[in-house]
1. Given contacts defined as C-alpha pairs under 8 Å and at least six residues apart, what's the relative contact order of region 1-135, whole-number percent?
2. In straight Cα distance, which lysines are under 29 Å from K182, not counting same-chain residues fewer than 8 positions off?
3. Tell me, how many Å apart are the Cα centres for region 13-30 and for region 153-174?
4. Counting only residues 5 or more places away or on other chains, whose amide H sits under 5 Å from the amide H of A74 once H atoms are built in the peptide plane?
5. Under a GNM of the chain (C-alpha, springs under 10 Å), which listed residue has the highest mean-square fluctuation: E99, E128, E142?
6. Find which of V130, A167, F46 sits farthest along the positive direction of the dipole of region 44-173, computed with +1 on the beta-carbon of Lys and Arg, -1 on that of Asp and Glu, about the Cα centre.
7. On a C-alpha basis, how far is the centre of region 182-233 from the centre of region 108-134 in Å? Whole number, if you could?
8. Just grab the label-to-label distance for A82 and V65, each label 7 Å out from Cα along the Cβ direction, in nm (one decimal).
Amino acid sequence: MITVDPKRLNLRPGQRVLDLGCGEGRHAIHLLVSEPVKVVGVDLKFADVQTARERVQPFVVGTQVPGSLLLGVANGLQLPFADNSFDVVICSEVLEHIEDYTGVLAEIDRVLKPGGLFAASVPTYFPEWVCWRLSDEYHQVEGGHIRIFRERELRRSIEKLGHLCFARHKAHALHTPYWWLKCLLWHRPESRLLAVYHRLLVWDLMQKPRLTRLLEKLLDPLLGKSIVLYFVKSPQPIRSLPEQEAPALAVESAA
């Protein structure tokens, strides 16, 4: 399930792409098999990185793919990469989990080349607000969401670093009612209704029928579960705001 639209990233052969908070590898693996780029996927959770490594195997064993992929464990507040290392950075469904999200944004800015592209996605405010109201467990589980972003809040935080927002869209509208239902039935995970809806989502993901694709496209502006923002980094460093002083540089990995 891809949240960030690769078509909006203007990817070119040989570019380096960082998938920060890659989780189990959905964006990283998608780019590996579809684009001639060098992808680096990192996540704080070793178990998720290991799962991503397992999931990528069927795509690379005995087959040729246009891209390359390196997976590893890293902290978004102290990325092990030199300044201006990447042409594109993706950070999808990550920032809502992090207390010091502005620190992560500063690190993204540091490793992104001037003129590079940055795509960030977080849960959309209203669908997420409903989930929080329906279930405390939804956001109180270990590693869960610790904040609900308003779009303008996230956009301003990134624009302060000197990035220009050039596109936006919402995604996964069909998933919003599922999560509302899941929160409502949090203590009834065996619910038949929940199981039927989940099978519908899996069928839609695998088969991509025209009817549901059109329905989601129509509903995304109203009920999209995620909001995706696309930025281009200014070619010139922004030094006007004291709070945006560059963080201490991380040592580049020799791996």
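1. Computed value for region 1-135: 25 percent relative contact order.
2. K45, K170, K208, K217, K225
3. 19
4. Excluding prolines and chain starts, which carry no amide H, the hits are D43, L44.
5. Looking only at E99, E128, E142, the biggest GNM fluctuation is shown by E142.
6. Projecting each Cα onto the dipole axis, the largest value belongs to A167.
7. So the separation of the two Cα centres works out to 18 Å.
8. According to this spin-label approximation, the distance is 2.6 nm.
No value in this document is a laboratory result; all are computed from the given coordinates. Only a predicted model underlies this, so the values are computations on that prediction, with no experimental measurement involved. Every residue, glycine among them, receives a Cβ derived from its backbone with ideal geometry; neighbour counts consider all protein chains shown.
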